[in-house]
1. Are any residues in the range 53-68 in contact with a strand residue (DSSP E or B) (Cβ under 8 Å, 6 or more places away or on another chain) and either without any contact (Cβ under 8 Å) to a residue 60 or more places away in the chain or surrounded by fewer than 21 Cβ atoms within 10 Å (Cβ to Cβ) (or both), and if so, which ones?
2. Consider residue 175 carefully, then state whether it is surrounded by fewer than 22 Cβ atoms within 10 Å (Cβ to Cβ) and either at pLDDT below 85 or in a helix (DSSP H, G or I) (or both).
3. Name the residue that is nearest to residue 167 (Cα to Cα), counting only residues in the range 123-156 that are free of Cβ contacts under 8 Å to residues at least 40 places away in the same chain and loosely packed, with under 15 Cβ neighbours inside 10 Å.
4. Give the residues of the range 191-236 that are under 14 Å from residue 25 (Cα atoms) and outside any strand (DSSP E or B), sorted by residue number.
5. Can you tell me how many residues in the range 29-59 are part of a strand (DSSP E or B) and over 24 Å from residue 236 (Cα atoms)?
6. Could you check residue 166 against (1) in a helix (DSSP H, G or I); (2) surrounded by 17 or more Cβ atoms within 10 Å (Cβ to Cβ); (3) modelled with pLDDT under 85 and say which number it fails?
7. Across the range 110-163, what is the number of residues that are part of a loop (DSSP other than H, G, I, E, B) and either at pLDDT below 85 or more than 25 Å from residue 189 (Cα to Cα) (or both)?
């Protein structure tokens, strides 16, 4: 079996505060995986470790069979960070310019080759913003800006797409089209890892679910999660009396 991602006994602390405690799981090629957990559970920290922004104090991260510390083809990882669309409103950049930055970073800030230029328009079209490509980001809605940064991640044709709560503050119609896009990417062979608080999404759109609260509480198929949802979430949220609301996107 071939894995896009292997997480082996990862632990991480901020000073004396333990954030991740001996976390291990694997993600198969082409799999759509959701990560859920309460605020402060270590989800964003784990994502930053996966993409190489943070280095774990203990454990190992393998991306396509290679240690992330030695992985040179970072353009194969499409990463959309948490709250990325809340950028500096005065930043004078168009949709086209922001998306092109994905290719510029891939080229290590060298000139983009002529045969790669069409990829910028293709990425913008995929997220439904072709008519906005020359518009400044500060003229767009929050949902539209989020799609711009998704296009920037898509422009390098990543083999794994990693998103940290990408739909926070985004309108429902944008959320629907966003998940349609993720499903399309998965059919094209892209591995998708999504951090979300939306239980309704993970139970309807995602193949496998990981429940994290410093340590791993559950890792299994969405069907298994649905069957045991109440017990799993009670343990995940420290046996608090929680109310589950499914939005039915």
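The values are calculated or read from the model by the stated rules, or taken from the named source; none is laboratory data. This one's a predicted model, so the numbers in the text were calculated from it and none came from an experiment. A quick note on method: Cβ atoms are made from the backbone with ideal geometry, for glycine too, and the neighbour counts reach across all protein chains shown.
1. Within the range 53-68, 54, 56, 57, 58, 59, 60, 61, 62, 64, 65, 67, 68 qualify.
2. Criteria met by residue 175.
3. 141
4. 214
5. Within the range 29-59, residues that are part of a strand (DSSP E or B) and over 24 Å from residue 236 (Cα atoms) number 0.
6. (1)
7. Going through the range 110-163 one residue at a time, the tally reaches 10.
Residues checked against (1) more than 30 Å from residue 144 (Cβ to Cβ); (2) surrounded by fewer than 12 Cβ atoms within 10 Å (Cβ to Cβ); (3) touching a strand residue (DSSP E or B) at 6+ places or on another chain (Cβ under 7 Å); (4) modelled with pLDDT of 90 or more:
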site	(1), (2), (3), (4)
185	no, no, yes, no
204	no, no, no, no
234	yes, no, no, no
237	yes, no, no, no
244	yes, yes, no, no
